[in-house]
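See below for the structure under consideration.
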Amino acid sequence: MNTKKNSIFINIVHLFYSTILSNVLNAATLILLANYFNSKNYGIFSVALALAMVMNFFTDLGVSNTFLREGTKLENLGRTFSSYMKIRIVCLLLTFIVFSFGIGILYQEQDVLYMIYSLMIPMVIGLAMQSIGITYFQLIERMQFIASIKIFSSVALIISTAVSMGLQVDVHTAAFLYGFSYLSGGLYSLYLLLKKAEMNWRTSFERQLLTNLSPFLISGLFIMLIPQLGPLVLEKTLPLTLVGLFAVAYRIPSALYQIPGVIAGAFFPLLFKQYNRGELGEHTRLNILQMKIMSYIGMCMTISLFYLAAYLVTLLFGAEWGSAVQPLKILAFIIVLQGFNIAIADGLTTRGLQNRRTIVQFFTITIGLLSFYYMSINYAVAGAAFAVLTMEIVSFIGYVIAYPEKKTVIAKVILPYGSFFTISFSLMHYSLSKHPFIAMISTIMMVTAAILLLDKQIKHLITGFIKKKHNSKHVQDGRQKENGKIAN
């Protein structure tokens, strides 16, 4: 097996283009389906999708994180990976057994049940297989294979949606084809693993994968529940047509905030390695760099989505979904908060402080449940959007308090970057709110200029990269000249 690893920059590039492309394609399928279904059916579909994501977590139960932790030690990767596969297969089977009973009790309407089962079965199996492949290639730092899995699955989604609309199939068949696309991506992931991974099913079970699993399990449950709370709670407090409206508004930011998460995927194994080596100073430095990059990308996307909300809803979903504009503007601010939150939370996890992350997530979920319930009853879809924003603010405050180097993070990231964003947005919005495109571009330029002028770490990173490329070009030119002399 080829164990050559990519540089962190190359891995970020692979994850970045694949995440953007796959998210664009995934969003396109959901937009097409929103136009194909009516608002009630789209509300049912959103509930089924949320349940499938919940089930997907239970096929993992946090063991992917312990596999990354143990796999970085590289004592016996083949045995560790085989043990990881065995756990995932058992979890998948148990998940289907338990959830089949639970869904039958909770949902009585035949339309809802048919939609759930049509989507759930192929999608959950496919997501589990994709997750195994993605986790393995993340560990060995070969992100090009993760990119190919994501893109393959997204292309399959587009094809299945086009087939559904072209043949005018019923909503349940369309849901099945949507789920089957994920199964196709899962089979492709399995194909790559059979070619690239070292597996030995007869080796003894690696018990260390279950050591300190509970913090990852509980934390992973909370991470999964946070984005799924909306459809699951609103289905009990609002008509399904309004659930569909919220799903449309939430769909765009939930797709976009995965882009800052690309950075996290590249940094995560490196942060684990530095902690395992006892390099806490380097761990903090790298985690702060991660926070800066992720928060900057989050700022740019929040600014863009806020000013383009009306255009995007009308262009993508049609004028009949115009009520989603205001909730979408509110939800735009979760992206910048996610940029901070994911990076700080990863710093806690990779330092062995998963318990702190879990406590913060517990408070977030508790406040989120109450917020969704009471705000949606009183303020409908706008209230649900504020509930999502409230959850992100609670997470942000909690993670900062829980972080061991909180003073450093506040001084180097939160205060300067928060000030750059708040001042730039306030000034440009106050003076240019009637010209959204100009306001958007001006705000992004102002934030970027402030970071480049005032952040020495980012400035040194960029100049160092430019010098490295410049020196590399000189070395290459020198070799070409020397080869020419030898040839003469």
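The values are calculated or read from the model by the stated rules, or taken from the named source; none is laboratory data. Just so it is clear, the model here is predicted, and its values are computed rather than measured. All Cβ positions, glycine included, derive from the backbone under ideal geometry; neighbour counts span all protein chains shown. Side chains included, ligands, DNA and RNA excluded: accessible areas come from the protein's heavy atoms. Shrake-Rupley method; radii C 1.70, N 1.55, O 1.52, S 1.80 Å.
Mind counting the residues in the stretch 371-427 that are closer than 30 Å to K456 by Cβ, surrounded by 17 or more Cβ atoms within 10 Å (Cβ to Cβ) and not acidic (D, E)?
Adding up the residues that qualify gives 16.
For L238, state whether it is open to solvent by 40 Å² or more (accessible area, probe 1.4 Å) and either touching a Pro at 6+ places or on another chain (Cβ under 8 Å) or of a type in the set (A, V, I, L, M) (or both). Walk me through how you get there before you give the answer.
Details: open to solvent by 40 Å² or more (accessible area, probe 1.4 Å): no; either touching a Pro at 6+ places or on another chain (Cβ under 8 Å) or of a type in the set (A, V, I, L, M) (or both): yes.
For L238, the condition - open to solvent by 40 Å² or more (accessible area, probe 1.4 Å) and either touching a Pro at 6+ places or on another chain (Cβ under 8 Å) or of a type in the set (A, V, I, L, M) (or both) - is not met.
Say whether the condition of being open to solvent by less than 30 Å² (accessible area, probe 1.4 Å), in a helix (DSSP H, G or I) and among the hydrophobic types (A, V, I, L, M, F, W, C) is met by at least one residue in the stretch 273-284.
No, because not a single residue in the stretch 273-284 is open to solvent by less than 30 Å² (accessible area, probe 1.4 Å), in a helix (DSSP H, G or I) and among the hydrophobic types (A, V, I, L, M, F, W, C).
Among the residues of the stretch 194-204, is there at least one that is closer than 26 Å to N378 by Cα and either touching a strand residue (DSSP E or B) at 6+ places or on another chain (Cβ under 7 Å) or open to solvent by 60 Å² or more (accessible area, probe 1.4 Å) (or both)?
There is no residue in the stretch 194-204 that is closer than 26 Å to N378 by Cα and either touching a strand residue (DSSP E or B) at 6+ places or on another chain (Cβ under 7 Å) or open to solvent by 60 Å² or more (accessible area, probe 1.4 Å) (or both).
Residues to consider are S419, S433, S426; find the one that is under 19 Å from Q338 (Cα atoms) and more than 25 Å from the chain's Cα centre (by Cα).
The unique qualifying residue is S419.
Okay, residues lined up against (1) farther than 25 Å from I140 by Cβ; (2) out of contact with any strand residue (DSSP E or B) (no Cβ under 9 Å at 6 or more places or on another chain); (3) modelled with pLDDT of 75 or more:
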| residue | (1), (2), (3) |
| --- | --- |
| H172 | yes, yes, yes |
| Q208 | no, yes, yes |
| N212 | no, yes, no |
| P239 | yes, yes, yes |
| A247 | yes, yes, yes |
| Y257 | yes, yes, no |
| V262 | no, yes, no |
| P269 | no, yes, no |
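Criterion first (surrounded by 19 or more Cβ atoms within 10 Å (Cβ to Cβ), of a type outside the set (K, R), closer than 26 Å to E70 by Cβ and out of contact with any Lys or Arg (no Cβ under 9 Å at 6 or more places or on another chain)) does I263 satisfy it?
When the stated conditions are applied, I263 passes them.
Would you point out which residue out of I330, I288, I334 is modelled with pLDDT of 80 or more, in contact with an Asp or Glu (Cβ under 7 Å, 6 or more places away or on another chain) and aliphatic (A, V, I, L, M)?
I334
Between M129, M120, M165, which is touching a Leu at 6+ places or on another chain (Cβ under 7 Å), under 24 Å from A255 (Cα atoms), of a type outside the set (F, W, Y) and at pLDDT 90 or above?
M129
Taking the stretch 208-218 only, how many residues are open to solvent by 80 Å² or more (accessible area, probe 1.4 Å) and either more than 12 Å from S83 (Cβ to Cβ) or β-branched (V, I, T) (or both)?
1
Taking the stated definitions as given, is N56 open to solvent by 20 Å² or more (accessible area, probe 1.4 Å) and not assigned by the TED database to the domain that holds G322?
Judged against the criteria, N56 is a match.
Is it the case that T173 is polar (S, T, N, Q) and either under 26 Å from G71 (Cα atoms) or buried (at least 17 other Cβ atoms within 10 Å of the Cβ) (or both)?
No: the conditions fail for T173.
So, in the stretch 31-64, of the ones that are of a type in the set (S, T, N, Q) and in contact with a Gly (Cβ under 7 Å, 6 or more places away or on another chain), which residue ends up nearest to Q208 (Cα to Cα)?
Restricting to residues being of a type in the set (S, T, N, Q) and in contact with a Gly (Cβ under 7 Å, 6 or more places away or on another chain), the top hit is S46.
Rundown of residues vs (1) without any contact (Cβ under 8 Å) to a residue 60 or more places away in the chain; (2) crowded, with 18+ Cβ neighbours inside 10 Å, yes/no style:
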| position | (1), (2) |
| --- | --- |
| I121 | yes, yes |
| L127 | no, yes |
| I134 | yes, yes |
| L139 | no, yes |
| S184 | yes, yes |
| L190 | no, no |
| E206 | no, yes |
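Conditions tested, residue by residue: (1) within 18 Å of I103 (Cβ to Cβ); (2) modelled with pLDDT under 80.
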site	(1), (2)
A52	yes, no
L68	no, no
L77	no, yes
S82	no, no
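Can you tell which of G62, G102 is without any contact (Cβ under 8 Å) to a residue 40 or more places away in the chain and either open to solvent by less than 50 Å² (accessible area, probe 1.4 Å) or in contact with a Cys (Cβ under 8 Å, 6 or more places away or on another chain) (or both)?
Answer to the check: G102.
Check L331 against each of (1) open to solvent by less than 20 Å² (accessible area, probe 1.4 Å); (2) more than 18 Å from V394 (Cβ to Cβ) and name the one condition it does not meet.
(2)
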